[in-house]
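Participant: This is the structure I want to talk about, given as structure tokens.
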Amino acid sequence: MSGPRLYYLDDIPTPYRLGVQKLVAERWPGEFRLGFCAESEPGREWTLDFSGIDTEFIPGKQYRRPSPDNPFQIKWNPGVARSLTAWKPDVVILSGYAHPTMWRAARWCIRNKVPYALSCETSMRSSLSPSGWRWNLKRLIAGWIVRGMAFGLPVGSEAAEYLRIFGPTDAPMYYFPNTPDTAPIIAEAKRLRETGGEPALREKLGIPADAAIFLFVGRLIDAKRPLDMVRAFLAAKGAEKAVLLVIGDGALMEAMKAEAKGDPRILFTGWMKDMQAIFGLMSISTAMILPSESETWGAVVNETMAAGTPVVSSDRVGAAIELIRDGESGFLVPVGDVPGYTRAMERLLADPALADAMGAAAHEAAIAQGEAFATGNLIAGALAAVAKKA
């Protein structure tokens, strides 16, 4: 195949990047190869289909003991330079700068005058303050990688700002949001509408037919601040017939049950393996609640909005910051502001038409910044870098 050769180096396979990677493989006007530093991380193992993509797993090691809150591990793949030399790319995409493997790949690109891009999820809200010795040390270690990139692939505007300040750099930015595969979610929402399947789904979980549903899906850990959600729900006026449905498990499960004090409106399911049921619940809920302390992205935001349901999120969740228009397609609440979550719930309960309008706006926003959007931006940035080099 003629045309420029694009190499995409990622840390591990994930479902929220696979769709874009497949589209890039399909639409890139030349040869495309996808390389990984590792097959998985503890707690982040998925069975994914890479058919149709030229894929390689570079031998290497992972370091750092994972915790329940953060499974992240440092990747070191000393053979990455050999892989790049053998394949001879014209442009390279690097998944961030956290791993020494990415540093080695960036050095290879600089030595061989091959343009490269960095994807970035970090924002100024989730990073260190841009001053002090820790910030300066981090910039000393990794700032050169940002300064050397031909273009950036930030997940959104705040990540772009971070890259510009951290480098610093004036390289062009092409927004590259994390994009889980929302097609099954949209299909299940449509199926429930067309077949009238909602009553059976409610009955399966013991949810009354007329109850508004506030949904949470995730780990019950400190970083997610799920106790804020329970306290907010218990304080909400007009929630007598509503339910708070908590799907997930974790260290705070017992504390949440104690906070709920046996209130029958708060339902704990533990982890659910039936993804079709979860997708259906996303589509019939009044809102998803996500009170996290900090999340660089948060794919559940894309998923819920694609299902046509608004999200009530803290203002420290990357996907919410980028996708939600506060008061139009959901609500952004200052992290830790329990009364703020209560007010958002009360507004949605008091005005079902508002909830429906927000859900429609949420769906449109999720689709507008979906896989096609991210793929187009990556390809545009890579082609521009190749053309500039020529």
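Every number in this text was worked out from the coordinates using simple rules, so none of it is lab data. Note that the structure is a prediction, hence the values are computed from the model and not measured. All Cβ positions, even for glycine, are placed from backbone atoms using ideal geometry, and neighbour counts span all protein chains on display.
Participant: If I model a spin label as a point 7 Å beyond the Cα along the Cα-Cβ vector, how far apart are those points for residue 325 and residue 271 in nm?
Facilitator: Going by the 7 Å Cα→Cβ label model, 3.8 nm.
Participant: Further question on the same structure: Once both labels are modelled 7 Å past Cα along the beta-carbon direction, what's the residue 263-residue 204 spacing in nm?
Facilitator: The two pseudo-label positions are separated by 2.6 nm.
Participant: Still on this structure, I have one more. If each DSSP helix of 4+ residues adds -39,500 (n - 2.57) and the sum is divided by the residues in the chain, what number results at 222 nm, nearest 500 deg cm²/dmol?
Facilitator: -13500 deg cm²/dmol
Participant: Restricting to lysine pairs 8 or more places apart or on different chains, what number in segment 183-368 have Cα atoms under 19 Å apart?
Facilitator: Total qualifying Lys-Lys pairs in segment 183-368 comes to 5.
Participant: Once each part is reduced to its C-alpha centroid, what is the distance from segment 297-323 to segment 212-264 in angstrom?
Facilitator: Segment 297-323 and segment 212-264 have Cα centres spaced 18 Å from each other.
Participant: Roughly how tilted is helix 157-166, in degrees to the nearest 10 and between 0 and 90, from the longest Cα axis of the chain?
Facilitator: With rounding to tens, the tilt is 40 degrees.
Participant: Continuing with the same structure: Treat every Asp and Glu Cβ in the chain as -1 and every Lys and Arg Cβ as +1, leave all other atoms uncharged, and give the resulting dipole magnitude about the Cα centre to the nearest 20 debye.
Facilitator: Dipole of the chain, to the nearest 20 debye: 1580 debye.
Participant: Once the cut-off is 27 Å, how many percent of the Cα-Cα pairs in segment 236-390 end up in the long-distance tail?
Facilitator: 29
Participant: What ranking do 170-181, 208-219 get when scored by the average of other Cβ atoms within 10 Å per residue, highest first?
Facilitator: 170-181, 208-219
Participant: How far, in degrees from 0 to 90, does helix 226-235 lean away from the longest principal axis of the Cα atoms of the chain, to the nearest 10?
Facilitator: The angle comes out near 30 degrees.
Participant: Relative to the longest principal axis of the chain, what angle (0 to 90°, nearest 10) does the C-alpha long axis of helix 183-195 take?
Facilitator: Roughly 30 degrees, rounded to the nearest 10.
Participant: Could you tell me the relative contact order of the chain? Use alpha-carbon pairs under 8 Å, at least six residues apart, and round to a whole percent.
Facilitator: 15
Participant: Suppose each label sits 7 Å from its Cα in the direction of the beta carbon; what would the residue 82-residue 164 distance come out to in nanometres?
Facilitator: 4.2
Participant: What is the sum of charges, Lys and Arg at +1 and Asp and Glu at -1, for the other residues whose Cβ falls under 10 Å from the Cβ of residue 335?
Facilitator: Cβ neighbours under 10 Å give a net charge of -1.
Participant: Given the Cα-Cα distance of residue 147 and residue 315 and 0.36 nm per residue of separation, how much length would full extension add, in nm?
Facilitator: Extra length from residue 147 to residue 315 when fully extended: 57.6 nm.
Participant: Evaluate the relative contact order of segment 183-368 (contact order divided by residue number), counting alpha-carbon pairs under 8 angstrom at least 6 apart; express in whole percent.
Facilitator: Over segment 183-368, the number comes to 23 percent.
Participant: Among 34-41, 233-240, how do they line up from the highest to the lowest mean number of other beta-carbon atoms within 10 Å?
Facilitator: Per-residue Cβ counts within 10 Å, averaged per peptide and sorted highest first, yield 34-41, 233-240.
Participant: Another question, if that's okay. Using the per-residue mean of other Cβ atoms lying within 10 Å as a proxy for protection, in what order, highest first, do the peptides 321-327, 6-12, 305-311 fall?
Facilitator: 305-311, 6-12, 321-327
Participant: Now, a different point. So which lysines pass the test for residue 113, namely a Cα distance under 28 Å, with those fewer than 8 places away in the same chain ruled out?
Facilitator: Correct list for residue 113: 22, 61, 75, 88, 138, 388, 389.
Participant: Take 185, 284 and order them by how many other Cβ atoms sit within 10 Å, fewest up front.
Facilitator: In order of increasing Cβ crowding within 10 Å: 284, 185.
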